[in-house]
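To start, the structure under review is shown below, and the notes come after it.
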Amino acid sequence: MAEPLLSASGLCFEAGGGRLIDGVDLAIRPGARVAVMGANGAGKSLLLRLLHGLIRPSAGEILWRGRPPGREARQAQAMVFQRPVLLRRSVRANLRFALAARGAGRADRIARAEQALVRARLDRLAQRPARLLSAGEQQRLAVARALACAPRLLFLDEPTASLDPASALAVEALIRDAHADGVAIVLVTHDAGQARRLGDELVFLDAGRVAETGALPGALEAPRSEAARAWVEGRLHTGPAR
Amino acid sequence: MIRRGLIVLALLAALPAGAADRFIVLQSTTSTRNSGLFDLILPIFRARTGIEVRVVAVGTGQAIRNAARGDGDALLVHDREAERRFVAAGHGTARHDVMYNDFAIVGPRADPAGVAGMADAPAALARIARARAPFASRGDDSGTHKAELRLWRAGGIDPAAQSGRWYRETGSGMGATLNVGTGMGAYVLTDRASWIAFGNKRGHRILVEGDARLFNQYGIVAVSKRRHPRVKAKLAREFVDWMLSGEGQAAIAAHRIDGRQLFFPNARR
Amino acid sequence: MDGFWGALARAVGLILAWDAELIEIIGLSLRVTLSAVAAACLIGLPLGAAVGAFRFPGRIAATVALNALMGLPPVVVGLMVYLTLSASGPLGVLGLLYTPAAMIVAQTVLVAPIVAALTRQVVEELDREYAEQFASLGLGPLGRVRALLWDARYALLTVALAGFGRATAEVGAVMIVGGNIDHATRVMTTAIALETSKGNLELALALGVVLIAIAVAVTGTVMTLRASAVRMAYG
């Protein structure tokens with residue numbers, strides 16, 4: 001078994017007197033496709049931000065290839081948010097900005113931005129103000145920007161939650177292409193179909209804890225935990241099964 | 001982008017003010033400036049010597065304090081006592097009488113205190129005080145303000161006790177005080193030059209004049225280089241000498257508005 | 001309202017006559033004010049952006065201080081700068097008192113807190129939106145400030161205009177440090193104060209109308225350029 005890219009052990013996050021992430025252990029291998037699911041408020045987005053290093057955990061440890069994450073980990077990861085955060089600049093300038101932030105040289109920046117434009121089929125919109133694109137085009141740009149930085153691990157926080165089906169499929173196609181290139185993926189989604197299409201492993205969160213893990217699609221067909229079963233069957237579930 | 005801004009800024013700041021470097025700063029009073037005296041005499045002086053005189057016009061008290069900090073090369077004000085103290089403290093080389101005019105009490109045509117035509121200024125002020133008629137004072141430690149306070153004392157009245165009632169201290173220059181006076185129908189002690197040149201009279205007129213105690217002497221002082229090393233002593237000396245010279249004195253006498261002479265040269269040389 | 005219409009007519013006449021002295025005064029006004037606004041932006045934009053974008057101890061105190069300094073009385077600033085630049089003051093050797101440079105310094109002190117405080121607010125709001133994305137990209141502090149300032153550029157143009165308005169309108173500071181010297185440091189506001197003190201109220205008002213016209217022209221030009229830039233470029 002390959003050495004994990006990213007591993008978390010005993011991960012906890014507390015805020016306002018409550019434990020929002022409670023002892024999560026997780027390992028993400030190179031090229032893995034992990035779908036993180038769970039009810040609203042289960043801590044999915046929070047877990048993603050902790051793993052990506054946007055938030056400091058209250059307890060526990062995160063390691064990047066066996067070591068505390070540093071500059072190299074930052075360079076090798078990228079994240080796409082549910083609502084794309086685009087700069088008030090052109091589509092092309094958004095791509096170049098991200099590459100510059102990663103320290104790419106000028107010529108490299110220009111070449112990789114053009115590649116990303118073509119890949120995301122945004123080349124004809126290159127000059128347009130990014131914020132005037134449709135929602136689907138904006139999210140494609142956000143994914144293209146993340147991939148232009150050539151990450152080894154890509155976090156996606158409900159990337160298609162606010163898109164129409166056609167736009168969602170276009171975004172999924174970009175994600176599949178990235179995986180084909182060997183990028184590991186951690187995807188938060190509410191959509192069981194999307195989890196089956198894009199995921200190989202399931203991590204099911206319940207009230208900040210990992211309630212269930214398993215291979216997809218099987219894990220969603222026959223969930224073992226009460227929390228996951230309730231969720232799949234569309235029942236109300238109000239707390240962790242003790 | 002920032003560098004470009006810096007360059008533009010440096011260029012803007014380096015632009016010349018549009019004047020020769022041979023200039024002195026004269027600390028003087030609003031009354032001389034507002035009367036237009038400098039507009040007449042300074043071009044003559046400049047034509048003769050090439051020296052530009054930059055006038056900072058404030059109250060006599062502030063002019064003297066500015067000069068005492070070294071922020072001026074010469075001083076032209078009207079408070080003999082303060083000028084002598086300035087020289088005695090080592091700030092100035094010597095004090096010279098240069099010209100005079102007189103003060104007058106102006107007031108509304110209706111003249112509620114009935115002082116029109118009086119020749120005794122302190123008595124007129126006493127009558128204004130008895131009538132509790134509004135009086136606008138400079139209240140700014142200027143030469144005119146000090147002259148006014150001397151007149152109140154001579155009339156046996158302490159107007160400060162009435163400040164805020166009929167006695168209004170504006171704390172401003174001559175022009176601003178005259179604006180207040182004509183605006184609220186108050187009496188005002190003013191120098192004659194400021195009054196003649198003043199454009200907002202609104203029916204006010206001179207009511208009391210001619211008292212010897214209304215005499216208004218202007219003095220000129222070159223600031224001492226020994227005390228203030230940055231002073232342009234030579235240029236200032238030239239200006240003072242010229243003001244006291246026949247040509248300077250004649251220029252002062254030539255300044256008229258509506259045919260009336262505003263300042264009377266009286267340098268003793 | 002006779003005086004007002006008279007002043008209006010006179011203002012038009014003043015502009016049409018293109019009087020050399022008036023042009024000189026307008027020129028100096030613009031030079032002093034625009035220089036001061038430029039200097040205030042050089043100081044205030046990075047300062048405001050730093051306070052808006054970074055978390056550091058004393059940040060709330062810095063914000064309060066910036067906001068409070070927006071209300072600095074011009075006369076107080078004038079006095080402070082006067083005492084500093086006076087021949088007897090710490091920077092007297094520079095010989096800047098009663099020069100346009102002194103007026104630029106005073107107005108810069110007056111305007112920089114306005115630019116900084118408003119920039120702080122604009123940048124803080126933008127940073128709330130961008131912070132996670134920037135952190136994800138691993139953007140350094142300098143890169144963050146630069147990107148935030150650039151992306152807020154249209155809002156910051158309005159900030160600069162607010163500073164311009166303040167500098168254009170103030171008379172207390174430039175009067176004290178400039179001295180209102182004819183042909184040297186006389187600007188529109190001190191000329192208005194002078195004509196008022198001479199009792200030439202109509203002329204003073206006419207100059208005021210001219211000053212307002214200049215302010216409207218400058219602001220209008222900037223806003224028009226901004227609007228077309230926004231239309232042509234970014235949403």
task = Being within 23 Å of residue A:15 (Cα to Cα) and among the aliphatic types (A, V, I, L, M) is the filter; apply it to the range A:56-78 and report the residue that is surrounded by the fewest Cβ atoms within 10 Å (Cβ to Cβ).
result = A:59
task = Return yes or no: is residue A:102 more than 14 Å from chain C (Cβ to nearest Cβ) and either over 23 Å from residue C:229 (Cβ atoms) or touching a residue at least 12 places away in the same chain (Cβ under 8 Å) (or both)?
result = no
Residues that are away from chain C (no Cβ under 14 Å), within 29 Å of residue B:74 (Cα to Cα) and not charged (D, E, K, R), drawn from the range B:193-224 = B:212, B:214, B:215, B:216, B:217, B:218, B:219, B:220, B:221, B:222
task = Check every one of the helices (runs of 4 or more DSSP H) wholly within the range B:21-84 and list those with 1 or more residues that are more than 9 Å from every other protein chain (Cβ to nearest Cβ), within 24 Å of residue C:200 (Cβ to Cβ) and not polar (S, T, N, Q).
result = B:37-49, B:60-68
key: Count of residues meeting criterion [of a type in the set (D, E, K, R), more than 9 Å from chain C (Cβ to nearest Cβ) and under 14 Å from residue A:149 (Cα atoms)] in the range A:69-91   = 1
task = Of all residues in the range C:85-95, count the ones that are buried (at least 19 other Cβ atoms within 10 Å of the Cβ) and either more than 9 Å from chain B (Cβ to nearest Cβ) or of a type outside the set (Gly, Ala, Ser) (or both).
result = 1
ask   = Taking the range C:206-225, which residues are more than 14 Å from residue C:28 (Cβ to Cβ) and crowded, with 20+ Cβ neighbours inside 10 Å?
value = C:206
Residue check for residue C:48: free of Cβ contacts under 8 Å to residues at least 40 places away in the same chain and either surrounded by 19 or more Cβ atoms within 10 Å (Cβ to Cβ) or over 24 Å from the mean Cα position of the chain (by Cα) (or both) = no
message = I'd like to check something: does the range A:105-123 contain any residue that is of a type outside the set (A, V, I, L, M), within 10 Å of chain C (Cβ to nearest Cβ) and not in a strand (DSSP E or B)?
response = no
note = Going through the range B:213-256 in order, the residues found to be within 19 Å of the chain's Cα centre (by Cα), among the small types (Gly, Ala, Ser) and farther than 24 Å from residue B:85 by Cβ are B:248, B:251, B:253, B:254
remark   = Picking from C:128, C:144, the residue that is basic (Lys, Arg), part of a helix (DSSP H, G or I) and surrounded by 17 or more Cβ atoms within 10 Å (Cβ to Cβ) would be C:144
inquiry  = Kindly evaluate residue B:201 against the criterion of being in contact with a helix residue (DSSP H, G or I) (Cβ under 9 Å, 6 or more places away or on another chain), surrounded by fewer than 18 Cβ atoms within 10 Å (Cβ to Cβ), part of a loop (DSSP other than H, G, I, E, B) and not assigned by TED's automatic domain parsing to the domain that holds residue B:120.
reply    = no
query = Inside the range A:69-83, can you point out the residues that are touching a strand residue (DSSP E or B) at 6+ places or on another chain (Cβ under 8 Å) and assigned to a loop (DSSP other than H, G, I, E, B)?
reply = A:69, A:70, A:81, A:82
request  = Name the single residue, out of those in the range A:181-200 being free of Cβ contacts under 8 Å to residues at least 40 places away in the same chain and among the acidic types (Asp, Glu), that is surrounded by the fewest Cβ atoms within 10 Å (Cβ to Cβ).
outcome  = A:181
key: Residues located in the range B:244-268, provided they are acidic (Asp, Glu) and over 19 Å from residue B:198 (Cα atoms)   = B:247
task = Assess whether residue B:189 counts as being closer than 27 Å to residue B:114 by Cβ and aliphatic (A, V, I, L, M).
result = yes
query = Which number in (1) assigned to a loop (DSSP other than H, G, I, E, B); (2) within 10 Å of chain C (Cβ to nearest Cβ); (3) within 21 Å of the chain's Cα centre (by Cα) marks the one condition that residue A:56 misses?
reply = (2)
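The values are calculated or read from the model by the stated rules, or taken from the named source; none is laboratory data. Quantities reported herein were computed from a predicted structural model and do not represent experimental measurements. Methodologically, a virtual Cβ is constructed for each residue, glycine included, from the backbone with ideal geometry; neighbour enumeration extends over all protein chains shown.
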